[in-house]
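Working notes, beginning with the structure itself.
The values are calculated or read from the model by the stated rules, or taken from the named source; none is laboratory data. Since this is a predicted model, take the numbers as computed values, not measurements. Quick reminder, even Gly has a Cβ in these numbers, built from the backbone with ideal geometry, and neighbours come from all protein chains shown. Quick note on the areas: whole protein, heavy atoms, side chains included, nothing else; ligands and nucleic acids left out. Shrake-Rupley method; radii C 1.70, N 1.55, O 1.52, S 1.80 Å.
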Amino acid sequence: MDCTRCGNNVPDTARFCTNCGNSLASPCPACGSANTHNAKYCAACGASLSDDRSSPLRVTAAMPDGVPGVVREGTQLLEKCRLFRALDEQTRFQLASRAHRYRFAASESIFEIGSAEQSMLAVLTGTVRITARSASGREIVLADLGPGEVFGEIALFDGRGRTASAIALSACELLVFERRDVMAFLEYHPQACLRLLETMCERLRQADERITEVAFSELSVRLAKVLLTKAIIPKGVGSNARRPKVSLSQRELAMLIGGTRESVNRCLRDWQRRGIVHLGGGWIVIDTPDALESIVAHH
């Protein structure tokens, strides 16, 4: 056979070109292990190797019984991800076999803005918070992502640094896809490429809405929206016990609405004097939800 890089003729069983060093091994489309060029089955997992060498991410065989359990479980977990839900099981199996699974503890950093990683990540369990930070150190929350969401797609597409930071808001499990694998995968699966573009467009719309809200809405309106959105109604007996309340700190609220902790504190104190909310025990208890709804409705 001929080397695909320099054209040098090498034996069919060769794994590297003796002239330029180019890798000639055929990667298994199921588990990624290198195999000799003329191999029919993967020596690592037993999957059939596609006869179409130009399509390294195309598998025709059914999922082999001997694949590692982590790959099989990853395939099932991918079904929960919105981006990959439309794919058939065999295609998800291909992608899962190339992904790495990582677990993060609550409050653990996943990556920082500007870092050089170019991978895309999918949330399997838990919640991931995406934030941006100004030169002065002020942070704003861009999104909270739960199971089925993907992030990191911008760095994956343009090959440059991260545009935001990601932190595990709770204990979470992620699938990490390397750029080289995803780009090759998308080349042969246009439906997944279109779904990823839809996801990016949705993020851009959300970013535009957020920019507009921060630019044109008063801080009190933004704060009222967040309190109404994040409030929970605890289980209990009596009207006082069932009042909606929020456990977020004033710093977290400031990050969510694009303000400062001091401005959030002033607004909450004003509402407390007016009987709209009261603070206590680490909670913000909403005494009159209608008042907050009125603030949002009349902005």
### Query
Can you spot a residue in the stretch 65-79 that is open to solvent by 20 Å² or more (accessible area, probe 1.4 Å), part of a loop (DSSP other than H, G, I, E, B) and either closer than 28 Å to D144 by Cα or modelled with pLDDT of 55 or more (or both)?
yes
### Query
For the stretch 199-210, does any single residue satisfy the condition of being assigned to a loop (DSSP other than H, G, I, E, B) and either modelled with pLDDT of 90 or more or open to solvent by 70 Å² or more (accessible area, probe 1.4 Å) (or both)?
no
### Task
Look through A164, A168, A143 and report the one residue that is surrounded by 19 or more Cβ atoms within 10 Å (Cβ to Cβ), under 18 Å from A106 (Cα atoms) and in contact (Cβ under 8 Å) with a residue 40 or more places away in the chain.
A168
### Task
Could you tell me whether the stretch 108-117 includes any residue that is under 30 Å from T163 (Cβ atoms), at pLDDT 65 or above, open to solvent by less than 60 Å² (accessible area, probe 1.4 Å) and polar (S, T, N, Q)?
yes
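Rundown of residues vs (1) open to solvent by 30 Å² or more (accessible area, probe 1.4 Å); (2) within 29 Å of T131 (Cα to Cα), yes/no style:
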residue	(1), (2)
K230	yes, yes
G259	no, yes
N265	yes, yes
W271	no, yes
I276	no, no
L279	yes, yes
P289	yes, yes
E293	yes, yes
### Summary
Selection from the stretch 250-281 of residues in contact with a strand residue (DSSP E or B) (Cβ under 6 Å, 6 or more places away or on another chain) and outside any helix (DSSP H, G or I) yields G258, V277, H278
